Amino acid sequence: MRWFSVGIKVVCLVSMMCTVSGIGANWGTQASHPLPPDTVVRLLRENEIRKVKLFDADYDTLRSLRKSGVEVMVGIPNDMLASLATSVKAAEKWVSKNVSAHVSSSNVKIRYVAVGNEPFLETYNGSFLRTTFPALQNVQSALIKAGLSNQIKVTVPLNADVYASSNGLPSGGDFRTDIHGLMLQIVKFLSDNGAPFTVNIYPFISLYIDSNFPVDYAFFDGNASPIADGSLTYYNMFDANYDTLVWALQKNGFGNLPIIVGEIGWPTDGDLNANIVYAQRFNQGFMSHILGGRGTPMRPGPIDAYLFSLIDEDAKSIDPGNFERHWGIFTFDGIAKYQLNLGSTNSGSLVPAKGVHYLERKWCVMKPSANLDDPQVALSVSYACGLADCTSLGYGTSCGSLDARGNISYAVNSYYQRNNQLDVACKFPNLSMITKTNPSVGSCRFEIMIEPYYGGAGRRFGCLQKPLSLVALIIFFSLTVV
């Protein structure tokens with residue numbers, strides 16, 4: 001297939017399945033105050049992002065995608081794998097409710113069902129080894145029964161840790177020893193059903209966990225020392241990692257299996273190497289790399305990929321690191337973080353979200369009269385950060401230059417905004433006050449929260465959480481005020 005360096009095109013595969021070629025984006029919703037789905041879909045369309053990968057099958061999200069022309073990969077969370085693995089009926093019910101209903105009545109362009117999300121991560125200690133493949137089989141059976149298996153394909157988004165190299169080069173690639181047999185079963189099943197292999201590749205993580213990792217090798221601007229692998233030369237980690245997978249597939253008889261890069265990106269905060277400069281450098285470098293249609297040394301041609309991610313998510317777990325809440329190319333409120341040419345818009349720049357409604361322009365800060373030595377300070381900051389988001393504080397972060405009083409103000413304001421600016425959320429004992437003077441300084445943005453989106457009755461985020469945390473705050477005050 002030929003690739004054109006600009007614009008979006010439609011590619012019809014031999015399987016009679018038509019897919020949109022071009023960059024996609026991951027749309028996660030683990031946010032305290034998510035943008036309304038209709039706003040996000042407009043954001044996708046105005047930036048001509050024609051593919052989106054979801055982590056669940058939320059009704060409001062899918063409904064907002066109706067007749068949008070955006071190609072969708074719906075997700076099945078890992079905690080649902082066990083029930084789908086043990087019951088074909090459960091899989092049929094899930095497909096009927098979350099796929100068939102939207103395809104037939106709302107004209108949503110669902111093209112893939114992602115069964116699980118990185119279920120074989122070594123940190124999961126084998127929790128999903130017995131359920132992932134049976135769930136995959138049952139979902140495929142359900143799609144066949146629904147008459148959708150030609151237009152909608154199953155896949156399993158896997159972390160790049162499912163394969164490794166025996167010699168440190170792509171040519172040494174093979175699937176991880178402890179799951180080798182299981183991986184071959186899954187790969188054969190995908191191949192037999194005309195489905196792709198989905199992999200998540202993160203050069204940032206390599207830099208994060210290894211201080212000796214060559215920084216320039218994470219990027220695409222050719223400044224790194226190249227690595228030779230036989231007759232092939234590698235100038236960046238992405239190509240080397242991708243081709244390690246290609247070698248693993250080829251060695252096991254599946255060299256032609258389609259590959260989707262399910263997640264790739266760079267965070268902008270929460271770590272010294274998670275910053276705007278590096279994120280712009282990486283994502284623009286990746287876009288230029290794939291828009292040029294060169295592919296990788298082992299697999300030239302177009303690369304099917306989804307940027308991670310579209311929007312920041314302030315309610316994500318920070319167990320992997322504080323950067324986890326800052327992967328978006330847009331902030332939580334839909335503001336573009338940096339210049340990024342996706343090769344799809346005339347301006348060559350990201351188009352921000354429109355029609356975003358904010359709460360009042362006011363902030364919660366530390367009182368000028370408050371004493372830093374007050375024993376309540378540490379308790380209050382710990383409480384606020386535990387229930388809000390302080391991942392922009394610390395060495396090398398966007399707010400890393402704040403003094404002690406600035407750090408305290410940031411923490412209490414984060415809690416105040418998270419709780420929709422309710423007065424009680426800025427009543428830390430002898431410490432806080434409300435101001436209408438913007439305390440933001442330099443790269444450190446003291447946020448004003450957007451109006452809460454309530455959505456369907458079952459939403460887990462936004463204001464529906466707030467009464468509980470405010471009850472906790474009142475209890476906290478009663479225990480600390482003498």
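The values are calculated or read from the model by the stated rules, or taken from the named source; none is laboratory data. All of these numbers come straight from a predicted model, not from anything done at the bench. In this analysis, Cβ positions are derived from the backbone assuming ideal geometry, glycine residues included, and neighbour counts consider all displayed protein chains. For accessibility, only protein heavy atoms count, side chains too; no ligands or nucleic acids. Shrake-Rupley method; radii C 1.70, N 1.55, O 1.52, S 1.80 Å.
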How many nm separate the modelled label positions at Lys367 and Asp319, each set 7 Å beyond the Cα in the direction of the Cβ?
-> 4.0 nm
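State which helices in the chain qualify, where a helix is a whole DSSP H run, it must extend 30 Å or more along its own axis by its Cα atoms, and its mean Kyte-Doolittle hydropathy must be at least -1.0.
none
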Would you please give the residues with an amide H less than 5 Å from that of Lys51, counting only those at least 5 places away or on a separate chain, with H modeled from the backbone geometry?
-> Ala25, Glu71
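Any chance you could run the full-extension gain for Leu379 through Asp79? It's 0.36 nm times the residue separation minus the Cα-Cα distance, nm to one decimal. Mind showing how you got there, number by number?
Numbers: separation 300, 0.36 × 300 = 108.00 nm, distance 3.44 nm.
That works out to 104.6 nm of additional length.
Are there trypsin sites (Lys or Arg not before Pro) in segment 332-366 that DSSP puts in a loop and that have at most 14 other Cβ atoms within 10 Å, and which ones?
On the way: sites: Lys337, Lys354, Arg361, Lys362; in loops: Lys337, Lys354, Arg361, Lys362.
Qualifying residues, ordered by number: Lys354, Arg361.
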With a point put 7 Å past each Cα toward its Cβ, work out how far Val356 is from Asp423 in nm, to one decimal.
-> 2.9 nm
If you place +1 on the Cβ of every Lys and Arg, -1 on the Cβ of every Asp and Glu, and leave all else neutral, what size is the dipole of the chain about its Cα centre, to the nearest 20 Debye?
-> 1580 debye
Distance histogram in 10 Å bins (all Cα pairs of the chain, percent per bin) | 4, 19, 28, 26, 15, 7, 1, 0
Phi to ³J(HN,Hα) by Karplus 6.51 cos²θ - 1.76 cosθ + 1.60 over segment 72-81, Hz, x for Gly, Pro = 10, 10, 8, x, 10, x, 4, 6, 9, 4
Which of the lysines could a cross-linker span from Lys367 if the Cα-Cα distance has to be under 25 Å and same-chain partners fewer than 8 positions apart are dropped?
-> Lys427, Lys436, Lys466
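Distance cut-off 26 Å, Cα to Cα: go down the list Lys109/Lys354; Lys337/Lys362; Lys53/Lys362 and report the pairs above it. List each step's numbers first, then the result.
On the way: Lys109/Lys354 24 Å; Lys337/Lys362 23 Å; Lys53/Lys362 35 Å.
With Cα atoms farther than 26 Å apart: Lys53/Lys362.
For segment 167-237, give the magnitude of the charge dipole about the Cα centre (Cβ charges: +1 Lys/Arg, -1 Asp/Glu; no others), in debye to the nearest 20. All intermediate terms of the calculation are to be shown ahead of the outcome.
Values: 2 positive and 7 negative charges, 35 e Å.
Roughly 160 debye for segment 167-237.
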Restricted to the chain, the DSSP antiparallel beta bridge percent, nearest 5, is 40 percent
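Expressed as a whole percent, how much of the Cα-Cα distance distribution for segment 98-224 exceeds 18 Å?
Details: 4950 of 8001 pairs.
Of all Cα-Cα pairs in segment 98-224, 62 percent lie more than 18 Å apart.
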Heavy-atom accessible surface of the chain: percent carbon and sulfur, 1.4 Å = 53 percent
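How many Å² of accessible area per residue for segment 341-406, probe 1.4 Å? Let's see the in-between values first.
On the way: 3350 Å² over 66 residues.
So segment 341-406 comes to 51 Å² accessible per residue, rounded to a whole number.
Can you show me the helix-derived [θ] at 222 nm for the chain, built from DSSP H runs with n ≥ 4 at -39,500 (n - 2.57) apiece and divided by the number of residues, rounded to the nearest 500. Please list the in-between numbers first.
Working: 13 runs with 142 residues, N = 482.
Here the helix-only value at 222 nm equals -9000 deg cm²/dmol.
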Distance in nm between pseudo-label sites at Ser206 and Lys436 (7 Å out along the Cβ direction from Cα) | 5.3 nm
Of the options Leu272, Ser288, Phe308, report the single residue whose Cα projects farthest towards the positive end of the charge dipole of segment 265-320 (beta-carbon charges: Lys, Arg +1; Asp, Glu -1).
-> Ser288
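First measure r as the distance between the Cβ atoms of Ser288 and Ser347, then evaluate 1/(1 + (r/R0)^6) with R0 = 25 Å and state the FRET efficiency to the nearest 0.05.
Numbers: r = 17 Å, r/R0 = 0.66.
Efficiency for this residue pair is about 0.90.
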Given H placed 1.01 Å from N in the peptide plane, which residues other than close sequence neighbours of Ala305 have an amide H under 5 Å from its amide H?
-> Gly22, Gly24, Val261
Equivalent ellipsoid semi-axes - Cα gyration tensor, segment 94-171, angstrom | 30, 14, 10
So for the chain, taking the charge dipole from beta-carbon charges (+1 Lys/Arg, -1 Asp/Glu), which of Gly406, Asn98, Asn419 sits furthest toward the positive end?
-> Asn98
